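**Q** Sharing a structure below in structure tokens format, with a few things to ask.
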Amino acid sequence: MGIRGYRAHRARSVRRIPPGTRACVVAPEIDLRIGQSPAGATFCRSDWLCCQDRQTGRQDAGTDGGYAQLEPSAVQPEIVADLRELEVFRRGLVKDRTAAKTRLKTARQAMLRRLLAQRLAQIERQIVRVDATMQALISSDTGLAERLDILISIPGISIVSATALLADMPELGAITGKEAAALAGLAPMSRQSGQWRGQERIRGGRQFVRQALFMPTLSAIQHNTSARAKFEDLVRAGKPRKVAVTAVMRKLVVLANALLRDGRKWAPEAT
């Protein structure tokens, strides 16, 4: 199929709707809604998801500016917006700290080394101050405080990781497990055309959620019996270790979503 034929195929596979239209259900077998962005509007690209047919796995993102976007079910409260702003600023501080440490290793002049050491100390103080502000903000809201307690009850998830999840993925607990995995970019997407079948890969989603879950996943593999068993089973089945880690990461976000939905803390499975 040539470029023109491929474009024609994509145009036929998507129902055309007027610009600005949102929340339009395409068909019962299509998972998400498709819409076109209003002129001049910008959206977070991590929330754009391809429409995937549940039976064939075929994906289409629309044509001429068409998007499939997961829309929140309710307006986020002001406190969540403040928490996200602090989390974004903290990520910037962590990047600055890494860059300063790298420069410090290669700096030759004593004056530069002294300035970099001062900069590192300043960044550390700012990170501590931002963390304290975020925890005070969470403590001021009973609902957020309860959600934080539930998340940190899961083995491997620290206060820093739980806070990042609350800020970057406030939908947790209000969506299904499959939607949570897709929103985090941890759901495997089919790649096929006719009789050809490619390897399934994760794609899209919110990369900061995956970054916040990576180290907790490694910790869970070490200390959580269920997570370690799933990881070892996948490795014995011949899966690459990185694929096995991704599968455990998906299991972790689905578990967090279920616990927040039910309003209960994690408890070890009965043997």
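**Q** Rank-order 238-245, 257-264, 175-182 by packing density, defined as the average count of other C-beta atoms within 10 Å over each peptide's residues, highest first.
**A** Most protected by this proxy first, the peptides run 175-182, 257-264, 238-245.
**Q** A follow-up question, please. Amide H to amide H under 5 Å from Gln192: which residues, 5+ apart in sequence or cross-chain, H placed 1.01 Å off N in plane?
**A** Amide H neighbours of Gln192: Gly198.
**Q** If Lys and Arg each add +1 and Asp and Glu each add -1, what is the summed charge of the other residues whose beta carbon sits under 11 Å from the beta carbon of Gln211?
**A** Its environment carries a net charge of +2.
**Q** OK, next. Do the alpha carbons of any pairs in Lys178/Lys242; Lys178/Lys230; Lys178/Lys265; Lys95/Lys239; Lys178/Lys239; Lys230/Lys265 sit beyond 27 Å of each other, and which pairs?
**A** Exceeds cut-off: Lys95/Lys239.
**Q** Post the alpha-carbon centroid distance, the stretch 181-231 to the stretch 83-135, in whole angstrom.
**A** 30
Computed from the coordinates by the stated procedures, all read-outs in this text should not be read as laboratory data. Here the structure is a predicted model, which means the values were calculated and not measured. Here Cβ is always computed from backbone atoms with ideal geometry, including for glycine, and neighbour counts include all displayed protein chains.
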